[in-house]
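Contents: one structure, followed by commentary.
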Amino acid sequence: MNTSLESRHETTRALRVNGGRLWDSLMELARIGATPKGGVCRLALTELDGQARDRFVSWAEAAGCTVRIDAIGNLFARRAGRNDALPAIVTGSHIDTQPTGGKFDGNYGVLAGLEVLRSLNDAGVETEAPLEVAVWTNEEGSRFVPVMMGSGVFVGAFTLEHALAQRDAQGVSVGEALTRIGYAGSAPDAAPPVGAYFEAHIEQGPVLEANDCVIGVVQGALGQRWYDVVVQGMEAHAGPTPMALRRDALLAASALVEAVNRIALERAPHGRGTVGSLEVHPNSRNVIPGRVRMTVDLRAADDDVLASMDAALRSFCAQLAQERQLTVQVDQVVYFPPQPFTPALVEGVREGAAALGLTAMDVVSGAGHDAVYLARVAPTAMVFVPCAGGISHNEIEDARPEHLEAGCNVLLHAMLRSAGVAS
Ligand SMILES: [Zn+2]
């Protein structure tokens, strides 16, 4: 290795992002759709989402990037590589939010990516492979279902036509909304190959904070099974009907809530079980509930474990129906298999954190992310940083500037490792 090459490698190792600039950009983007309680309401493909996209595009162009838009409205800001024919090393996330969302969920991953490009510009570093920052359309799934729509189309999880036809509660379709805000793009349908995908994200859980760690080395994402369950009993007058003769749907549903909790607890540490919604019919003070519609959300890190949770849920429901003389209908409506990330890239994140002298630990992602879809088509890894109290999807969502900066530095070095530094 000659001296100039050695010194170039040293320069690269010493590279750091500008944490102040990253923070300022986060705060500036958070003003678009800012809520009085300090959060952000910027639903996918609304006028505000359009304004936030405009801001991102102007920043990306100012950083020398070319921006392309695909037919589902995903944005890709590209910084050319020395060998521009190589598959791009991509990072990104989303800038749509929940109705009472925060400043960091998604936005951090996008702006951390932008900060990586800005820092490389400042240092005059050229990479072998091109770098891209992606803004994925409608990750949150709050206005339009399904969630992770843009990345889902990108990897072929469902078709473009299906996604464009989805409508919000007012009857506006995704296609119409994209056209209205000027982001119905024309980039070729066939997604270009991705050399590697990285996503930085706030943890959205309490594990890093509880362990006093700055960097979460994400091993993969939990698999998920979502169900719609209907318990059908018999409604009857609360006075004249003796206890022994009732077919109380809410009482049975209560037993099911307990069972879901138990099914998850028996599969610690990564089992999760949640009943988040109950609709009681007729929901009247003096009527024995005749019907309950409820949701069940089961998650696990291992597909066999998730399958065993599914079996346990179904057998409990069958037994419940028999014992209580009612019917329990269980329909699975969503299934995401567990998605491990790419070991070599995960290792790179771990080594990058160590080289930067940051405390780090292995974590799993309990939530879905665009990275979970990208992992189906490209080597993928994620970098988590703590958020206050593990709270997100909430206006009080908060994160510390130094943690965001640290995660961005890990992202920078992980991307450089994959992209190669030109010599
Ligand atoms: Zn997110």
request  = Send over the Kirkwood Rh of segment 75-117, from the inverse of the averaged 1/r over different Cα pairs, rounded to one decimal Å.
outcome  = 11.8 Å
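Rounded to the nearest 0.05, what FRET efficiency do Met27 and Arg68 have when you use their Cβ-Cβ distance and R0 = 25 Å?
Efficiency, rounded to the nearest 0.05: 0.35.
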task = Could you list which residues have their amide H under 5 Å from that of Val363, counting only those 5 or more apart in sequence or on another chain, with H placed in the peptide plane?
result = Val217, Val218, Gln219
Histogram of C-alpha separations across segment 124-213, 10 Å bin width, % = 13, 38, 26, 18, 5
request  = Please work out the Cα center distance from segment 88-155 to segment 279-344, rounded to the nearest Å.
outcome  = 33 Å
task = Over the Cα atoms of segment 69-147, compute the convex hull volume and normalise it per residue, giving Å³.
result = 82 Å³
ask   = Taking a 1.4 Å probe, which of Leu265, Leu178 shows the most accessible area, and what order do the others take after it?
value = Leu265, Leu178
ask   = What residues from segment 373-411 fall in the zone where the backbone N is under 20 Å from a label point 7 Å along the Cα-to-C-beta line of Cys41?
value = 392-398
task = Run the numbers on the chain and let me know its relative contact order in percent, using alpha-carbon pairs under 8 Å that are six or more apart.
result = 23 percent
remark   = Mean-square fluctuation maximum in Gaussian network of the chain, Cα pairs under 10 Å, restricted to Ser284, Ser315, Ser25, hits Ser284
Between helix 3-13 and the chain: long-axis angle, C-alpha atoms, 0 to 90°, nearest 10 = 30 degrees
task = Report Ile391's accessible area, 1.4 Å probe, all protein chains in place, as a number in Å² to the nearest 10.
result = 60 Å²
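If I compute solvent accessible area with a 1.4 Å probe over the protein chains, what percent of it on segment 254-305 is carbon and sulfur? Working shown, then result.
Numbers: 1290 of 2930 Å².
Percent of accessible area from carbon and sulfur atoms in segment 254-305: 44.
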inquiry  = If you average the C-alpha positions of segment 10-24 and of segment 211-228 separately, how far apart do those two centres end up, in angstrom?
reply    = 27 Å
task = Under a 10 Å cutoff between Cα atoms, tell me which one of Cys408, Cys317, Cys41 has the largest fluctuation in the Gaussian network model of the chain.
result = Cys317
query = When DSSP assigns beta bridges and you keep just the ones with both residues in the chain, what percent turn out antiparallel, to the nearest 5?
reply = 70 percent
request  = Could you pull out which residues in segment 227-245 have an amide N less than 12 Å from a spot 7 Å beyond the Cα of Ser284, following the Cα-Cβ vector?
outcome  = 235-239
query = Over the Cα atoms of segment 165-236, what Rg and Dmax result, in angstrom?
reply = 21.3, 62
query = Based on the Cα atoms of segment 1-93, what semi-axes does the equivalent ellipsoid have, where each is the square root of 5 times one gyration tensor eigenvalue, given in whole Å with the largest first?
reply = 33, 19, 9
ask   = Counting only heavy atoms of protein chains, what accessible area per residue, in Å², does the chain have with a probe of 1.4 Å?
value = 43 Å²
note = Using alpha carbon positions and the Kirkwood radius, the Rg to Rh ratio of segment 329-423 is 1.03
note = Amide H neighbours of Arg247 at under 5 Å, excluding residues fewer than 5 places away on the same chain, with H built from the backbone geometry, are Met234
note = Cα extents of segment 166-308 per principal axis, largest first, Å, are 68, 45, 29
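Percent relative contact order of segment 94-186, based on C-alpha pairs within less than 8 angstrom and at least six residues apart?
The value is 20 percent.
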note = So the carbon and sulfur contribution to the accessible area of segment 125-169, 1.4 Å probe, in percent, is 53 percent
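What percent do you get for the relative contact order of segment 256-336 when only Cα pairs under 8 Å and 6+ apart count?
25 percent
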remark   = Checking Ala200, Ala44, Ala157 against a Gaussian network model of the chain (alpha-carbon springs below 10 Å), the top fluctuating residue turns out to be Ala157
note = Bounding extents of the chain in its principal axis frame from Cα atoms, largest first in Å, are 91, 44, 40
ask   = With every protein chain left in place, what is the accessible area of Val207 in Å² (1.4 Å probe, nearest 10)?
value = 60 Å²
key: the chain, dipole about Cα centre (Lys/Arg Cβ +1, Asp/Glu Cβ -1), debye to the nearest 20   = 600 debye
remark   = Quick calc: nm separation of the 7 Å Cα→Cβ label points for Glu61 and Ala255 -> 6.4 nm
ask   = In the neighborhood of Leu298, defined by Cβ-to-Cβ distances under 15 Å, what is the net charge if each Lys or Arg adds +1 and each Asp or Glu adds -1?
value = -3
query = Thr159 accessible area, nearest 10 Å², 1.4 Å probe?
reply = 70 Å²
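The values are calculated or read from the model by the stated rules, or taken from the named source; none is laboratory data. Just so we're clear, the structure is a prediction, and the values are computed from it rather than from any experiment. Cβ: placed from backbone, ideal geometry, glycine included. Neighbour counts: every protein chain shown. When the accessible area is computed, the model is the full protein with side chains, heavy atoms only, and any ligands, DNA or RNA have been set aside. Shrake-Rupley method; radii C 1.70, N 1.55, O 1.52, S 1.80 Å.
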